[in-house]
Every structure is written in C-alpha cells, then in structure tokens.
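What follows draws every value from the coordinates through simple rules; no lab data is involved. As the structure is a computational prediction, the values presented were derived from the model and not from experiment. FYI the Cβ positions are ideal-geometry reconstructions off the backbone, even for glycines, and counts take in every protein chain you see.
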Amino acid sequence: EIELNGPNVGIFVIGIIMIVGLACALVILFRNLLVQRKLTGLYDNFIANITHELKSPLSSIQLYLETLTSKKLSAEKQNEFYAIMAKDTTRLHKLINSILEVSRLEQKRVAHNFHIYDADNIFHQIIDNSIKHFNLPDGVVKTEGFTKSQCVIDKEAMQIVFDNFTDNAVKYTPGNVKINIRLKTSLKKIVIEFADKGIGIGQIDQKTIFDKFHRVSNKAIPNVKGTGLGLYWVKEIIRLHGGKVTVRSDGMNKGTTFIIELPIYKT
Ligand code: ADP
C-alpha cells in the first residue's frame, strides 16, 4: 500500500508531471510531423505544377524555332510564329519573376516604396492598369462607389495584388469574364471589394487558398494552370500595408469576392 504523504507525494507529483510533459511533447512532435508532411505534399505539388508551367512554353518556343529554321515560311507565317514565341517568353518571364519576388518578400529583401495617395485616384489608376495588362475589353470591369480617404501604399506592390485578382478572375471564369469592383470607406478602413462571377470557392477551400502553394483540387474545376503562389503573395503584400484580405463566395459557380481592408491615412 502506498502512503500518500511525505516523500511519496513528491514522487507521485513528479511522476504525473513527467507523464503530462511526455504526452505534450508527443502531441507537439506529432503535430509538427503532420504539418511537415502536409507542406512536403504541397511542395511536391508545386514542383509538379512549376515544372509543367516552365516546360510547356519552352517546348512551344523550341517547336516554333525548329519550324522557323527548317522550313521556308511566308513572312506572314513567320510573324505569327514570332508573336507566339514572344507570348510564351512573357509567360516564362512572369512565372520566374513571381517565384523570385515571393522569395525576396519572404527574406525581407524587397525595397518598399510607400507614398501617400488619394485612395479613389490611385485605385482607379491601378484598376485601369490591370485592364490594360490583361487586354480586357470595355465593359468587363465595372467600378462603383468612392472613398474620399487617403492611404499609404506601395503602388507597384498594390498593382501586383490587382493583377493577381484579375488574372484569377479570368482563369476561373469559364464563360465571359465579369468583374465588379466596389470602393468604400467603413469605420476606420478603406474597403475594396473585387468580385467575379466565376466558378466560386467552396467553404473549406476558402480557409486555405491564401496559403503558400495551395490550389483547389476538384475534378469539377477545369484544369487551369497555376502555382498556388498568387494569393499568398497578395496576402503578404496586404499585410505589409497593415491591412487584411479575405474571401467570400456562396459556393461553386456562385462567383468569388475578395475583400481588401486598408488603414486610412489621417493627416
Ligand atoms: P493559382 O491560381 O496559381 O493556382 P492562387 O494563389 O492565385 O494560385 O490561387 C489559389 C487557388 O485559389 C487557385 O488554385 C484556385 O483554386 C482558387 N482561386 C483563386 N482565385 C479564384 C477565383 N477568382 N475564383 C475561383 N477560385 C479561385
């Protein structure tokens, strides 16, 4: 029989503490292993995507180059091939750039260029630039609302955010792209809503799409190319602005709305 007094209590308590400690250590170890495994899986996926993304424009360029050197083609055909090759080169350039930029951002090696702007003015400029970058016809992007506030932003970084949203709206809308952007001020924030009418995002995926390398895997979703870096990049940029980015979607085929909240600059 153990008497729970004197030195026995001490040993008992130490025993319990050790068991609890060991259990905690095991739980932490197990959780870390799970996280690590999930990350490794995502990373493998990323490598597979990136390899495909690099290989396909490269093979295309190679094919056109070979055709151009081995066959006698009309000037018209030659120009057509050069145009395709230029487009593939831009695609490669953009992809490599985005990978480099994200890793520079993570290593805090990006020189930021923050300035005070009239929010209404600067966001209309940025939206117009995105329309140009993606050659969107008139009427695709509708902008409404206004804000009289000022904000402090890095113009180039914010352009990346809107270009990513626009790129995704185009990629994840099967038919005609429609983008509605709304600017407003609420309490102490500038709020920008960026809505498309595309395939939408299910509740569960809404929680993970901003994570690095995350892509939605769903057989119903058309096989669209990507790296899963875009929204992670967006989130990091908005965070650097002291803001917040969230997503809202009523589900599959109900469209997607991204909401950016930024602090108002007060003079
Ligand atoms: P990528 O587009 O390269 O896969 P992103 O980080 O930009 O990577 O997006 C992550 C995932 O979020 C995408 O793979 C896609 O499944 C989903 N997603 C992003 N934007 C939209 C959108 N506008 N509509 C539907 N799904 C989207």
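Applying the condition of being part of a loop (DSSP other than H, G, I, E, B) and more than 12 Å from the ligand (Cβ to nearest atom) to segment 226-249 and asking which residue is surrounded by the fewest Cβ atoms within 10 Å (Cβ to Cβ) yields 242.
Assess whether residue 200 counts as being touching a residue at least 40 places away in the same chain (Cβ under 8 Å), near the ligand (Cβ under 7 Å from one of its atoms), assigned to a loop (DSSP other than H, G, I, E, B) and of a type outside the set (Val, Ile, Thr). Let's see the steps before the verdict.
Numbers: touching a residue at least 40 places away in the same chain (Cβ under 8 Å): yes; near the ligand (Cβ under 7 Å from one of its atoms): yes; assigned to a loop (DSSP other than H, G, I, E, B): yes; of a type outside the set (Val, Ile, Thr): yes.
When the stated conditions are applied, residue 200 passes them.
Of all the listed residues (153, 99), the sole one being buried (at least 18 other Cβ atoms within 10 Å of the Cβ) and within 27 Å of residue 226 (Cβ to Cβ) is 153.
Comparison of 74, 60 shows that the only residue that is out of contact with any Cys (no Cβ under 8 Å at 6 or more places or on another chain) and free of Cβ contacts under 8 Å to residues at least 24 places away in the same chain is 74. Annotation note: Cβ proximity below 9 Å between a residue of segment 34-54 that is of a type outside the set (Ser, Thr, Tyr) and a residue that is in a helix (DSSP H, G or I) (sequence gap 6+ or interchain) occurs for 50/95; 50/99; 53/91; 53/92; 53/95; 54/92; 54/95; 54/96.
The sole residue among 169, 157 that is near the ligand (Cβ under 10 Å from one of its atoms), assigned to a helix (DSSP H, G or I), in contact (Cβ under 8 Å) with a residue 12 or more places away in the chain and aliphatic (A, V, I, L, M) is 169.
Only one of 194, 162 is under 17 Å from residue 248 (Cα atoms), in a strand (DSSP E or B) and not β-branched (Val, Ile, Thr); which? Working first, answer last.
Values: 162 fails: in a strand (DSSP E or B).
Going through 194, 162 in turn, just one is under 17 Å from residue 248 (Cα atoms), in a strand (DSSP E or B) and not β-branched (Val, Ile, Thr): 194.
Here is a yes/no grid of residues against (1) more than 16 Å from the ligand (Cβ to nearest atom); (2) touching a helix residue (DSSP H, G or I) at 6+ places or on another chain (Cβ under 9 Å); (3) of a type in the set (A, V, I, L, M, F, W, C):
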residue	(1), (2), (3)
96	no, yes, yes
113	yes, yes, no
128	yes, no, no
144	yes, no, no
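Within this structure, residue 121 fails the test of being within 30 Å of residue 60 (Cβ to Cβ), free of Cβ contacts under 8 Å to residues at least 12 places away in the same chain, more than 16 Å from the ligand (Cβ to nearest atom) and surrounded by fewer than 16 Cβ atoms within 10 Å (Cβ to Cβ).
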